[in-house]
1. Highest mean first, how do 28-35, 61-68, 437-444 rank when packing is the count of other Cβ atoms within 10 Å averaged over residues?
2. Which entries in the list 376/426; 91/470; 74/289; 311/376 go over 27 Å, if you measure between the two C-alpha atoms of each?
3. Would you compute the Debye intensity of the chain from its alpha-carbon atoms alone, equal scatterers and no solvent, and pass along log10 I(q)/I(0) at q = 0.07 Å⁻¹ to two decimals?
4. Does anyone have the angle between helix 89-102 and the longest principal axis of the chain? Alpha-carbon axes, 0 to 90°, nearest 10?
5. Which of the peptides 172-180, 421-429 is most tightly packed, and how do the rest follow, judged by the mean count of other Cβ atoms within 10 Å per residue?
6. When each pair of different Cα atoms in region 196-488 is counted once in the 1/r mean, what is the Kirkwood radius in angstroms, to one decimal?
7. Which residue, chosen from 270, 310, 348, occupies the Cα position most advanced towards the positive end of the dipole of region 263-361, where the dipole is computed from +1 (Lys, Arg) and -1 (Asp, Glu) charges on Cβ about the Cα centre?
8. About the Cα centre of the chain, what is the dipole size in debye to 20, counting +1 per Lys and Arg Cβ and -1 per Asp and Glu Cβ, all else neutral?
Amino acid sequence: MTANRYEGNGLLRILLVKPHLQLLVAKRLNDFLHLEPLELEIVAGGVPEEDYVAICDLTLEKKPMEVYYRQLQKINPHIIGFTGYSNQSAKVKELAHIARAHNPFVVVVVGGIHAIISPLDYAADDIDIIVRGEGGTTFGEIVKRFKLGQPLYFGEVALSQKDINFVEKANALPPAYPDVKTIPLARRDLVQRSRYFSVWTSSPEKKLDTIFPRIASVRTSYGCKFTCSFCVVHHIMGKKYLERSPEDVVNEIENIKEEHIYFVDDETFLNEKRMNEIANLLLQRGIKKKYVSWARADTIVRRPDLFLLWKKAGLGIVYVGLEAMDESRLKNYKKRTTVETSMKAIALLQEIGITLHASLMVDPNFSVEDFRSVEKVIKLIRPAEVSFTVFSPSPGTELWHKHKDEFICNDPYLFYDCMHTLLPTKLKIKRFYEHFARLYRLAWSANPLRVNNVRIPYNEVLKAIVDGTKYIFALRSIHRDYLPQRVVDKKLI
Ligand code: B12
């Protein structure tokens with residue numbers, strides 16, 4: 001134990017931690033795509049310049065707990081902040097407990113998506129403040145209050161169990177985000193930038209020096225106006241869509257060293273006029289980078305000209321949440337689009353020369369025939385990157401409450417990764433995951449690198465084959481995670 005109380009003078013030390021992943025399949029995904037912890041970089045952006053702040057991204061580490069202990073020893077923080085998805089909440093609590101055991105005076109702050117939607121889950125002795133919302137602005141205020149010796153909880157956004165209204169506030173809807181102009185810029189200098197990459201399959205020249213280029217993440221907007229049943233975003237943002245100005249976005253991109261940029265918006269292309277301006281500014285300023293973004297099929301169909309312009313600006317890959325090629329499922333998911341629109345969008349992207357990443361959803365009630373029809377979709381839309389998730393009610397939504405008594409696992413938060421089913425499957429679960437893994441295997445044959453015979457370095461071909469095989473194996477093995485013995489043994493956690 002290293003007792004260490006901040007006495008109001010001297011250097012204030014802050015450590016921000018991204019917990020490592022628990023489930024094998026999520027870890028394997030990181031072999032293909034590992035993005036920087038932008039949420040913590042923005043939180044760090046809110047820390048006053050005179051204070052010391054470090055980011056510890058445990059998702060990068062082979063021995064994360066050793067690294068964590070070492071960081072605690074080395075930095076001995078006065079304030080420690082954790083981020084986390086729902087499937088990391090148990091780990092966040094464990095890490096918070098360790099931090100408190102290391103120094104009983106440390107202030108523990110928890111933020112991120114799970115803190116926003118399920119704050120009561122973080123009502124633990126080792127957690128002082130639960131941040132329900134934007135972190136850069138809120139954390140800055142917490143640090144300021146800490147130095148002044150004031151209470152660290154305030155408003156609807158920084159919650160504490162010490163507050164007599166804690167439960168009422170935690171049960172209320174998430175508070176509104178602040179004006180986007182007040183959100184600090186990301187402290188990108190605090191991470192080892194060379195360790196973040198994303199698989200890249202777009203190559204009009206049919207030759208790539210690498211398929212794993214370094215990549216930076218940029219957030220240009222917050223929220224989404226759509227209310228898809230599987231998504232939590234409209235619950236967080238109250239259907240609001242907050243936009244950074246084109247100048248602000250382009251200034252940030254201009255200062256980023258990486259050539260590849262991943263737009264980590266909830267929905268980047270919602271305001272077509274704004275996206276038009278951003279592309280024009282990028283072109284006018286001669287900024288030559290390559291982009292990957294999400295977009296809805298109906299936006300692509302309505303504005304092919306916009307995607308043509310973005311192609312010129314460097315857009316190489318577009319992720320489209322096709323979800324299902326079946327009208328009734330689209331309706332059930334409240335996707336507000338049609339199969340015809342999806343097909344048109346696919347054709348338009350091919351015509352424009354932007355690589356499609358199609359994201360499809362598998363339903364727990366799938367029969368063998370349903371899986372076969374998705375297999376046909378893969379053939380229909382090639383060449384395309386294709387990925388699949390399993391429809392799962394999201395924590396914080398009505399569907400979660402509606403179905404929670406049906407969940408088939410002990411810890412539904414841990415299993416909320418859209419790959420592990422929370423709901424019972426119609427097929428035997430082992431069979432279900434055999435079919436699910438087969439979809440990924442077939443998707444590899446539709447990959448643009450293969451279909452277009454793109455030349456890539458030999459060692460990367462090998463890496464892709466080895467990691468792809470490991471990924472498919474992890475998918476086939478998902479059913480084992482449900483064996484009660486494994487959960488009890490804590491082999492998973
Ligand atoms: C980009 C993205 C990804 C990227 C990875 C991003 C990354 N950095 O690793 C990719 C595509 C790889 C991905 C994958 C997955 N994702 Co994802 N993803 C997103 C998306 C669209 C944006 C996340 C992001 O980067 N935001 C940008 C940052 C800057 O914003 P932020 O996270 O909101 O953080 C702010 C606040 O939350 C707060 N905050 C955050 N942390 C902290 C910490 C402290 C101390 C404080 C004070 C504040 C604070 O301040 C931040 C700055 O403003 C979100 C949607 C969303 N609205 O969150 C889904 C989302 C986070 N993903 C989700 C899921 C489920 C997954 C997957 C598990 C499943 C899947 N198959 O898609 C995988 C697994 C990823 C993994 N390896 O763990 C869910 C999580 C739901 C939940 N309850 O946990 C979301 C919400 C999507 C959804 N619609 O439901 N994802």
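The values are calculated or read from the model by the stated rules, or taken from the named source; none is laboratory data. What you are looking at is a predicted structure, and each value in this text was computed from that prediction instead of being measured. So basically every Cβ, Gly included, is an ideal-geometry build from the backbone, and we count neighbours across all protein chains shown. Side chains are part of the model used for accessible areas, which takes the heavy atoms of the whole protein and leaves out ligands, DNA and RNA. Shrake-Rupley method; radii C 1.70, N 1.55, O 1.52, S 1.80 Å.
1. Top to bottom by mean Cβ count within 10 Å: 437-444, 28-35, 61-68.
2. 74/289; 311/376
3. Cα-only, vacuum Debye calculation for the chain: -0.38.
4. For 89-102 against the chain, the angle is about 30 degrees.
5. Details: 172-180: 15.0, 421-429: 17.6.
Top to bottom by mean Cβ count within 10 Å: 421-429, 172-180.
6. 20.3
7. Positive-end residue among those listed: 310.
8. The calculation lands at about 1320 debye.
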